[in-house]
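Novice: For reference, the structure I am asking about is given below.
The values are calculated or read from the model by the stated rules, or taken from the named source; none is laboratory data. The model shown is predicted, which means the values in this text are computed figures rather than measured ones. Cβ atoms come from the backbone with ideal geometry, glycine included; neighbour counts cover every protein chain shown. Ligands, DNA and RNA are stripped out before the accessible areas are found, and what is left, the full protein with its side chains, is counted by its heavy atoms. Shrake-Rupley method; radii C 1.70, N 1.55, O 1.52, S 1.80 Å.
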Amino acid sequence: MKFTVREIAEQVGGEVVGDGGIELAGFAQADAAKPGDLTFAENEKYFRLAEKSRASAILAPEEFTSETKPVIRVKNARIAFARVLPLLFPETQFIPGIHPSAVIAESAQVDDSAHIGPNCVIGENTVIGRQSVLEANCIVGDQSSLGQAVRLFPNVTIYPQCRIGDHVRIHSASVVGSDGYGYVFDEDHHRKIPQIGGVVIGNNVEIGAGVTIDRGALGNTEIGDGTKIDNLVQIGHNVVIGNHCLIVAQTGIGGSTQIGEFSTLAGQVGVIGHITIGPKAVIASKSAVMGSLEGGKQYMGIPAVPDIQAKRQIVAVQKLPDLAKRVRELERQVAETEPPPPPRN
């Protein structure tokens, strides 16, 4: 699909400087761009590279002007970049209908506008909302519901009694509603505690590939509106994640922990169960959260502490070799100045 420079500028609320009639059909980084491509630059260095490239136009912040190419000037180049890509690279449109190989319970309600792909299984009393898409080999268990325009990529499993809101995307190999890790030691063995809760996922949530979200033991595990979960994240039973949080790859969250809205957990963060993290908290990569944390602050380390404190600890550890050397030198000097022991009789 082609758009003129002017048409794209209108879509992103930008201003055209130069020829707005040039047609664009692609988007590429400067070193790979070809005629007909739009390229992107956030700073002076990359803008100069974009000017030298073969791209036909540049998307850039408001302060940039080129003598050689039209520029779409915008207030925030990264936001405009995110808005342009779907125009030039629209997602696959799925035709409504049910593949002959799908297995659908008679009591299930599947909207006529939904797409159900090959080998999908839809359980009893399940609801599949308008314009939702289940790609190949997806399973939606009994009494679960998918809202409007939900997309399940191939091989997603939704266990029974899970509720998924509107405009949710769940990528391949993710599992929603598997049993929480609940056991009690009974005399000589670990007795399983039945997990009889569910999972509730809000609107506009995106869940990456290979994510596991456990069902609640009692009550529900909850994911708030607008939250984005990266690949390979584990969310324990009865966890409550607020709206618009960012949970990055390989993070693990223990059961019954609550995370406030607009918080960020970076890659490989570990969070123990039964604690509270306040809203707008930021946890740095590889941190271990061992207790409740206030919102609105940045944390890092093992255990996670306010970042200023953690940085002081890092600096102090780096100084330990020199400190040990100084201690040895002081011990040597003290030993040299000590009087010799008195002679024995």
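Novice: Work out, step by step, the length gained on full extension between Ile314 and Lys192: first 0.36 nm times the residue separation, then minus their alpha carbon distance; give nm to one decimal.
Specialist: Once the chain is fully extended between Ile314 and Lys192, it gains 39.7 nm.
Novice: Show me the helices of the chain, taken as full DSSP H stretches, that run 15 Å or more along their long axis by Cα and average -0.5 or above in Kyte-Doolittle hydropathy.
Specialist: 77-88, 307-318
Novice: With the convex hull built on the Cα atoms of the range 1-91, state its orientation-averaged projected area in nm².
Specialist: Result: 4.9 nm².
Novice: Also: For the pair Ser101/Glu42, report the inter-label distance in nm, with labels modelled 7 Å from Cα in the Cβ direction.
Specialist: Spacing of the two 7 Å Cα→Cβ label points: 4.2 nm.
Novice: ³J(HN,Hα) across the range 16-33 via Karplus (A = 6.51, B = -1.76, C = 1.60, θ = phi - 60°), whole Hz, x for Gly/Pro?
Specialist: Values per residue, Gly and Pro as x: 8, 10, x, 6, x, x, 5, 8, 10, 10, x, 9, 8, 5, 4, 6, 10, 6 Hz.
Novice: Given the Cα-Cα distance of Glu62 and Gln148 and 0.36 nm per residue of separation, how much length would full extension add, in nm?
Specialist: Residue separation times 0.36 nm, minus the Cα-Cα distance, leaves 27.2 nm.
Novice: With only Lys, Arg, Asp and Glu charged, each at its Cβ (+1 for the first two, -1 for the last two), find how big the charge dipole of the range 1-68 is about the Cα centre; round to the nearest 20 debye.
Specialist: Here the range 1-68 has a charge dipole of around 320 debye.
Novice: Treat every Asp and Glu Cβ in the chain as -1 and every Lys and Arg Cβ as +1, leave all other atoms uncharged, and give the resulting dipole magnitude about the Cα centre to the nearest 20 debye.
Specialist: 1120 debye
Novice: A further question follows. Given the rule -39500 (n - 2.57) for each run of at least 4 DSSP H residues, summed and divided by the residues of the chain, what is its mean residue ellipticity at 222 nm, to the nearest 500 deg cm²/dmol?
Specialist: -5500 deg cm²/dmol
Novice: Of Pro279, Val140, Phe47, whose Cα points farthest to the positive end of the dipole of the chain (charges on the beta-carbon: +1 Lys, Arg; -1 Asp, Glu; origin at the Cα centre)?
Specialist: Going by the Cα projections, it comes out as Phe47.
Novice: Between Ala25 and Glu206, with labels modelled 7 Å along Cα→Cβ, what's the label distance in nm to one decimal, could you check?
Specialist: Placing both labels 7 Å along Cα→Cβ, they lie 2.7 nm apart.
Novice: Shape of the range 209-279 from its Cα gyration tensor (a ≥ b ≥ c, root eigenvalues): rounded if a/c is under 1.5, otherwise prolate when a/b > b/c, or oblate?
Specialist: Here the range 209-279 falls in the rounded category.
Novice: Quick one: of the DSSP bridges fully inside the range 126-201, what percent are antiparallel, nearest 5?
Specialist: Bridges in the range 126-201 that DSSP calls antiparallel: roughly 20 percent.
Novice: Right, something else. At 10 °C and 1.306 mPa s, grab the translational diffusion coefficient of the range 190-345 from Stokes-Einstein with a Kirkwood Rh over Cα pairs, rounded to a whole number in µm² per second.
Specialist: 89 µm²/s
Novice: Roughly what % antiparallel, to the nearest 5, for the DSSP beta bridges in the range 179-253?
Specialist: Beta bridges within the range 179-253, antiparallel portion: roughly 20 percent.
Novice: What percent antiparallel are the DSSP beta bridges of the chain, to the nearest 5?
Specialist: 15 percent
Novice: Report the per residue volume, in Å³, of the convex hull enclosing the C-alpha atoms of the range 264-321.
Specialist: Looking at the range 264-321, the number lands at 70 Å³ per residue.
Novice: From the phi angles alone, apply the Karplus equation (6.51, -1.76, 1.60; θ = phi - 60°) to the range 55-69 and give each ³J(HN,Hα) in whole Hz, x where the residue is Gly or Pro.
Specialist: These are the phi-based 3J(HN,Hα) values: 4, 8, 7, 10, 9, 8, x, 4, 7, 9, 9, 10, 8, 10, 9 Hz.
Novice: Say we join alpha carbon atoms closer than 10 Å with springs in a Gaussian network model of the chain; which of Pro86, Pro96, Pro279 then has the biggest fluctuation?
Specialist: It is Pro86.
Novice: Run the count for the chain, please: Lys pairs, Cα-Cα under 24 angstrom, 8 or more apart or on different chains.
Specialist: Close lysine pairs found across the chain: 22.
Novice: Of the trypsin sites (Lys or Arg not before Pro) in the range 291-324, which ones lie in a loop per DSSP and count no more than 16 other C-beta atoms within 10 Å?
Specialist: Hits after loop and neighbour filter: Lys297, Lys319.
Novice: Given (1) 24.1; (2) 21.1; (3) 24.7 as candidate values of Kirkwood radius over Cα pairs in Å, which corresponds to the one derived from the coordinates?
Specialist: (1)
Novice: Just the number please: accessible area per residue for the chain, 1.4 Å probe, all protein chains included, in Å².
Specialist: Ligands and nucleic acids excluded, the result is 55 Å² per residue.
Novice: Pop the C-beta distance of Met1 and Gln298 into the FRET formula with R0 = 45 Å and round what comes out to the nearest 0.05.
Specialist: 0.60
Novice: Can you tell me the dipole magnitude for the range 25-163 around its Cα centre, using point charges on the Cβ only (Lys, Arg +1; Asp, Glu -1), in Debye to the nearest 20?
Specialist: Once rounded to the nearest 20, the dipole reads 580 debye.
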